[in-house]
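Every number here is computed from the coordinates shown, using simple stated rules; none is lab data. Only a predicted model underlies this, so the values are computations on that prediction, with no experimental measurement involved. Glycine also receives a Cβ, built like all others from the backbone with ideal geometry; neighbour counts cover every protein chain displayed.
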Amino acid sequence: MDSENQISSLNSLTYEKGLPYSASIELITKCNFKCIHCYIAEHNKEMKATDVIKILDELKALGVLDLTLTGGEIFLLKDIMNIIEYARKIGFRVTLFTNLSLMNEEIIKKLSELYITEISTTVFSLDSGINDKITCIKDSLNNIMKNILLIKQYNIQLEIKVPIMDYNYNSYIEIKDFCIENGFRFNYSTAITSKINGDTKTRKYNISSTDLNKIIKELDNVTSNKFKSDDYICGAVRNNIHIDCFGNVYPCLSLLYKYGNIFNDTLDSIWNNSKQKKYLNSLRKKDFLLCTNCNINDKCVKCPGMALSEDGDLFGCSSLDQCLAIARQNILEL
């Protein structure tokens, strides 16, 4: 069995057993970009390196293998390379979420030598004017593209994500083709969510249902998901941990249902004893009556985190998920 199949099997096994496999840490909320759609409410916080090292040790003791470091912009942290080196030293597979703008060849070469698993970045458009309009930073694309080519040169796996909005609606195909030509992973999202403090202003950037139908027809690979009422509500509640910049522990970045805080309890105690975690693990899809009785539930990914973000109710119907499901249904009926 090759390494990728081994990793996939381990992920499946930990999901089945309810054991921690992956974790993400929000190291910083500060960012050098000012993206119009950003979900972070206040860009003024960063973790101490000593706290991060302690978290890494606790995650390792729990058995976590996959680690994602995210922000904000993680390369604003003066100790970021020391943190990455330590994470690799103790055996984590490391993925970095970064806008790439603060990197250089020396950093990229070092990351290659550390054999990090992947760098994940966001490109809004290959048109610098469109990219600048979203990042609110002049010439923001220049360093990104330069560093993308360096990442390819140093053979680091790269994922390019495209949040699709009105401003960059006509850019995603060009970016997808660019990824195919260069061997990068392409990912996209049509869901622009509220800020984590509940501010809904960012949602005005979501595309129209007509444009969504077109994207679903071209990019989406979900045709029908059998709705199994006894399934867990979300994979993240089984084997994933997210820790934000304030030490709060959640199932994932999208499902901000708080388990506890690392500054009050150990991660081991939170994972094994949190009443909130046990409650989420007890839920099944059949408990979500709106979904059970919905005639397009087999076209819907049903993210409870999206529902919680939109109206404060895990059991609610996410309008963004509903729009996607309707678009899939429309395409299948053509």
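Starting at the first residue of the stretch 157-171, write each ³J(HN,Hα) from the Karplus equation 6.51 cos²θ - 1.76 cosθ + 1.60 with θ = phi - 60°, in whole Hz, x for Gly and Pro.
The phi angles translate into 5, 10, 10, 10, 9, 10, x, 8, 10, 4, 5, 10, 4, 8, 9 Hz.
Could you list the trypsin sites (Lys or Arg not before Pro) in the stretch 199-308 that lie in coil according to DSSP, counting only those with at most 12 other Cβ atoms within 10 Å of their Cβ?
Working: sites: Lys201, Arg203, Lys204, Lys214, Lys217, Lys226, Lys228, Arg238, Lys258, Lys275, Lys277, Lys278, Arg284, Lys285, Lys286, Lys299, Lys302; in loops: Lys226, Lys228, Lys258, Lys302.
Sparse-neighbourhood loop trypsin sites (Lys or Arg not before Pro): Lys226, Lys228.
So what is Rg over Rh here for the chain, counting just Cα atoms and using Kirkwood for Rh?
Values: Rg = 19.8 Å, Rh = 21.0 Å.
A ratio of 0.94.
What FRET efficiency do you get for Ile137 and Ile90 if R0 is 45 Å and r is their Cβ-Cβ distance, rounded to the nearest 0.05? Please report the intermediate quantities before stating the final value.
On the way: r = 35 Å, r/R0 = 0.78.
Given R0 = 45 Å and the Cβ-Cβ separation, E is 0.80.
Give the span of the stretch 240-298's Cα atoms along each principal axis, as three whole-Å numbers ordered largest to smallest.
The Cα atoms of the stretch 240-298 stretch 44, 21, 14 Å along the principal axes, largest first.
So, R0 is 41 Å and r is the distance between the beta-carbons of Phe178 and Asn32; what FRET efficiency does that work out to, to 0.05?
Working: r = 23 Å, r/R0 = 0.57.
E(calc), rounded to 0.05, equals 0.95.
Per the helix-only calculation at 222 nm, which mean residue ellipticity applies to the chain, given -39500 (n - 2.57) for every DSSP H run of n ≥ 4 and division by its residues, nearest 500 deg cm²/dmol?
Values: 14 runs with 137 residues, N = 334.
Estimated from H runs of four or more residues: -12000 deg cm²/dmol.
Once Lys and Arg get +1 and Asp and Glu get -1 on their Cβ, which of Ile160, Leu126, Gly235 lies farthest toward the positive end of the dipole of the chain?
Gly235
In nm, give the distance between the simple-model label positions of Gln276 and Ser208, each being 7 Å from the Cα along the Cα-to-Cβ direction.
Taking the simple label geometry, Gln276 and Ser208 are separated by 4.0 nm.
In the neighborhood of Leu324, defined by Cβ-to-Cβ distances under 12 Å, what is the net charge if each Lys or Arg adds +1 and each Asp or Glu adds -1? All intermediate terms of the calculation are to be shown ahead of the outcome.
Numbers: positive: Lys299, Lys302, Arg328; negative: Asp220, Asp321.
It works out to a net charge of +1.
Amide H of Tyr257: which non-local residues (sequence gap of 5 or more, or other chain) have their own amide H closer than 5 Å, using H built in the peptide plane?
Answer set, sorted by chain and number: Cys252.
Dimensions of the stretch 89-172 along principal axes (Cα, Å, largest first)?
For the stretch 89-172, the Cα extents along the three principal axes come out at 43, 21, 19 Å.
Taking just the C-alpha trace of the stretch 228-334, give me its Rg and Dmax in Å.
When restricted to Cα atoms, the stretch 228-334 yields Rg and Dmax of 15.4, 54 Å.
Quick one: order Ile36, Ile90 by neighbouring beta-carbon count within 10 Å, fewest to most. Walk me through the numbers before you get to the answer.
Values: Ile36 17, Ile90 13.
Ranked by crowding around the Cβ, least crowded first: Ile90, Ile36.
Would you please give the FRET efficiency between Lys161 and Thr292, computed as 1/(1 + (r/R0)^6) with r the Cβ-Cβ distance and R0 = 56 Å, to the nearest 0.05?
About 0.95, to the nearest 0.05.
Taking θ as phi - 60°, what are the ³J(HN,Hα) couplings along the stretch 68-81 by the Karplus curve (6.51, -1.76, 1.60), each to the nearest whole Hz, with x for Gly and Pro?
Per-residue couplings from phi come out as 10, 9, 9, x, x, 9, 5, 7, 7, 6, 5, 9, 4, 5 Hz.
Just name one of Cys323, Cys291, Tyr259: the one whose Cα is farthest towards the positive end of the charge dipole of the stretch 206-324 (beta-carbon charges, Lys/Arg +1, Asp/Glu -1).
Selected residue: Cys291.
Averaged over all directions, how much area does the convex hull of the C-alpha atoms of the stretch 24-94 cover when projected, in nm²? Let's see the in-between values first.
On the way: hull surface 19.3 nm².
Computing the convex hull of the Cα atoms and averaging its projections yields 4.8 nm².
Taking the Cα centre of the chain as origin, work out the dipole magnitude from +1 charges on Lys and Arg Cβ and -1 charges on Asp and Glu Cβ, in debye rounded to 20. Provide the component values of the computation, followed by the final result.
Working: 39 positive and 41 negative charges, 99 e Å.
That gives a dipole near 480 debye.
Using the structure shown, select from Lys45/Lys302; Lys201/Lys277; Lys258/Lys302; Lys34/Lys217; Lys78/Lys201 the pairs with a Cα to Cα distance greater than 22 angstrom.
Numbers: Lys45/Lys302 31 Å; Lys201/Lys277 30 Å; Lys258/Lys302 19 Å; Lys34/Lys217 31 Å; Lys78/Lys201 32 Å.
Beyond 22 Å: Lys45/Lys302; Lys201/Lys277; Lys34/Lys217; Lys78/Lys201.
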